[in-house]
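Presented below is the structure to which this report refers.
Values quoted throughout were computed directly from the atomic coordinates according to the rules given, and no laboratory measurement underlies them. Please read all numbers here as calculations on a predicted model, not as lab measurements. All Cβ positions, even for glycine, are placed from backbone atoms using ideal geometry, and neighbour counts span all protein chains on display.
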Amino acid sequence: MSQTSLDPQYRKIAGQLMMIRFPGTELDAATGAFLRENSIGGVCLFRGNMRDAEQVRALTAALRDAMGPEALIAIDQEGGAVVRSTWLPPPPAAMGLGAAGDLELARQTGAAVARAVRSLGFNWNFAPVLDLNTNPVNPVIAERSFGAEPVRATELALAWMEGSQAQGVACCVKHFPGHGDTHVDSHRELPVVDKPLAELERFEFLPFRMAAPHAPAIMSAHIVYPSLDPDYPATMSRPILGGLLREAWDYRGVIITDGMDMHAIAGRYGAGQAAVQALQAGADMVMALGTRETQEETLAAIAHALASSAVPPREAAQRRARLTALAARYPCLQAPYDEEAADRQRMVEGWRRGLTAYRAPRRPPPGAPLRLVARRDVVSDGVSEAGVPADVIAACLSGLGALDLVTFVDEDGFDWDALPDDGSYTILASTSRLRYGEHARRNWRPDLHLALWNPYHALDIDAPALITYGFAMPALEAVRDWLDGRLDAEGVIPVPGFAP
């Protein structure tokens, strides 16, 4: 069937099963027309779409006008390093909440996040993460996970979700059926989790099975699980999405794919064909986050699949009904943000309670000069926001006394032994997600290591450490107060491998 002979109604049905992204901080005329003409069901906004609260409210209002009352406007506001609206009260990362181990704190955090994003016009948050962090070299999860023990991590995540949904924002747990035990990033490659089914059921699957009766939406992972389907990643797998999740677990909510532009999918299967296969597998909505060209490709492929009944009409109607029900339960309406000041204090409490000591760190002697060592550039892993600049850390700690800031660009070329032997208390601040290489592991010996992002950095450097699970300003202030003796680090790291 040619593009010209295709009934336009199929494109509208296809559009309802798609979520897109677009560049810029305003809804341009072309994107607005694309949304209206194709009845696009969802939009996800990222940091590049956001400047400040007033601008985002205007943008989401324009999106609602273009998309109608069933609009699903989504954001990744997990907490820690994965936040898109960076001016809102900064939520502690999931693993920081795991270190605090308090269900009520997790519930209040989820509620505070929801109040903040709802005030901007969002009704769908792609959080919380249910992946169990059981692999120290996982390049993309780390502190985004609540921990490694399935039941406790899930209890914390469900408390977070309960708080969010009580404030009118739908959650989407991710990344089904588990991204924790991978050593590659599906944004770049296709991971494989090759474990026996019984082990998967005890660990990776358990959080999602526990959440299935409660979660309004679940996001699929671009990962191959040979025990269930040796040929296709979960996003495109009928045995996993349709068989395990929908049929065996009787999941009634929305299934949405992770971004279909990610290399694990688009680079192997092609955006259009992969989207069709995801719908055939059991997904209700495909996240077409690529360019307008790939969005058009996806739209056309789904429309042709609908017209040919490759995606049967009855199944398409069921998918649309689930998406309509989600939008009806969580309408996309801006709400006043009356609790912002109180929520900031709630977030501060979360960061402080998660602060974790490792290898018995000792505070600097009173009046001792400080030396701070940190990388010069601010980097992002493509999923998280960029890390904290070295001068921001220095400014936060400067009130403690004289401080010398030393920065490096290339860790392999940085000579730790060249630092002056002048009695300074030397602090290394780790401000990226990337793990350290052999040079730093062998040669760097600070008096205190601040693991300000990836908690596994603390395993790389043979030194006492403070672990914050993130680099937001409340984390830096908690470190400062610990150094000054005004705060104890009482968090308990919720993953294995951190023996004293």
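Counting only DSSP beta bridges with both residues in region 355-483, what percent are antiparallel, rounded to the nearest 5? All intermediate terms of the calculation are to be shown ahead of the outcome.
Numbers: 3 of 21 bridges.
Just about 15 percent of them are antiparallel.
Could you give each residue of region 482-491 its phi-based ³J(HN,Hα) in whole Hz, using Karplus coefficients 6.51, -1.76, 1.60 with θ = phi - 60°, and x for Gly or Pro?
Going residue by residue, I get 5, 4, 8, x, 9, 8, 9, 9, 10, x Hz, with x marking Gly and Pro.
When DSSP assigns beta bridges and you keep just the ones with both residues in region 8-329, what percent turn out antiparallel, to the nearest 5? Could the numbers behind the result be given before it?
Details: 2 of 23 bridges.
The answer is about 10 percent antiparallel.
Which cross-chain or sequence-distant (5 or more) residues have an amide H under 5 Å from the amide H of Asp258, H modelled 1.01 Å from N in plane?
Ser220
So, R0 is 45 Å and r is the distance between the beta-carbons of Val151 and Arg314; what FRET efficiency does that work out to, to 0.05? Working shown, then result.
Details: r = 37 Å, r/R0 = 0.83.
My answer for the efficiency is 0.75.
Highest mean first, what order results for 467-479, 269-281 on Cβ atoms within 10 Å? Intermediate results must be reported in sequence, preceding the final value.
Values: 467-479: 25.8, 269-281: 23.7.
Ranked from most to least packed, the peptides come out as 467-479, 269-281.
On a full-extension model of 0.36 nm per residue, what is the gain between Gln55 and Ala300, subtracting their alpha-carbon distance, rounded to one decimal in nm? Spell out each step's value before the answer.
Details: separation 245, 0.36 × 245 = 88.20 nm, distance 3.23 nm.
Here the answer is 85.0 nm.
Given H placed 1.01 Å from N in the peptide plane, which residues other than close sequence neighbours of Ser145 have an amide H under 5 Å from its amide H?
For Ser145, the qualifying residues are Met95.
Using a 7 Å offset from the Cα along the Cα-to-Cβ direction at both Lys12 and Glu26, what is the distance between the two label points in nm, to one decimal?
If labels sit at Lys12 and Glu26, their model points lie 2.9 nm apart.
Set the Förster radius R0 to 25 Å, insert the Cβ-Cβ distance between Ser380 and His263 as r into 1/(1 + (r/R0)^6), and round the FRET efficiency to 0.05. Show your work: numbers first, answer last.
On the way: r = 17 Å, r/R0 = 0.67.
It comes out at approximately 0.90.
Starting from the amide H of Ser432, placed 1.01 Å from N in the peptide plane, find each other amide H under 5 Å away whose residue is 5 or more places distant or on another chain.
Asn454
From the phi angles alone, apply the Karplus equation (6.51, -1.76, 1.60; θ = phi - 60°) to region 108-114 and give each ³J(HN,Hα) in whole Hz, x where the residue is Gly or Pro.
Whole-Hz 3J(HN,Hα) from phi for region 108-114: 5, 5, x, 5, 5, 4, 5.
In terms of the Cα gyration tensor, with a ≥ b ≥ c the square roots of its eigenvalues, is region 355-483 rounded because a/c is under 1.5, prolate because a/b exceeds b/c, or oblate? Before the final figure, lay out each step's value.
Details: a/c = 1.36, a/b = 1.13, b/c = 1.21.
Cα axes put region 355-483 in the rounded bin.
Suppose R0 equals 60 Å. What FRET efficiency, 1/(1 + (r/R0)^6) with r the Cβ-Cβ distance, do Phe46 and Asp422 give to the nearest 0.05? Before the final figure, lay out the partial values.
Values: r = 45 Å, r/R0 = 0.75.
Approximately 0.85, to the nearest 0.05.
Working out 0.36 nm times the residue gap between Glu293 and Arg445, then minus their Cα-Cα distance, what length gain in nm do you get to one decimal?
Length gained, Glu293 through Arg445: 49.7 nm.
Using Cβ contacts closer than 10 Å as the measure, can you line up Thr60, Thr298, Thr407 from fewest to most?
Numbers: Thr60 25, Thr298 29, Thr407 15.
Fewest-to-most Cβ neighbours within 10 Å comes out as Thr407, Thr60, Thr298.
Using helices alone, what [θ] at 222 nm do you get for the chain, with -39,500 (n - 2.57) per DSSP H run of 4 or more residues, divided over all residues and rounded to the nearest 500?
Taken over the chain, the calculation gives -11000 deg cm²/dmol.
In what sequence do Val192, Val495 fall when counting other Cβ within 10 Å, fewest first?
Numbers: Val192 15, Val495 24.
Ascending number of Cβ neighbours within 10 Å: Val192, Val495.
Find, among the GluC sites (Glu not before Pro) in region 263-303, those assigned to loop by DSSP (not H, G, I, E, B) with at most 13 other beta-carbon atoms within 10 angstrom. Provide the component values of the computation, followed by the final result.
Working: sites: Glu293, Glu296, Glu297; in loops: none.
For GluC sites (Glu not before Pro) across region 263-303 that sit outside H, G, I, E and B with at most 13 neighbouring Cβ atoms in 10 Å, the list is empty.
For the Cα atoms of the chain, what angle does the longest principal axis make with the long axis of helix 150-166, in degrees from 0 to 90, nearest 10?
Tilt of helix 150-166: around 70 degrees.
Using θ = phi - 60° and the Karplus relation 6.51 cos²θ - 1.76 cosθ + 1.60, list the HN-Hα couplings for region 322-332 in order, rounded to whole Hz, with x at every Gly or Pro.
Calculated HN-Hα couplings, in order: 5, 5, 4, 5, 5, 5, 6, 6, 10, x, 8 Hz.
At a 10 Å Cβ-Cβ cut-off, how would you order Trp249, Trp351, fewest neighbours first? Don't skip to the end; give the middle numbers.
Values: Trp249 16, Trp351 29.
Ascending Cβ contact count within 10 Å gives the list Trp249, Trp351.
Pop a pseudo-label 7 angstrom from the Cα along the beta-carbon direction at both Asp65 and Glu104 and give the gap in nm to one decimal.
Here the answer is 4.5 nm between the modelled labels.
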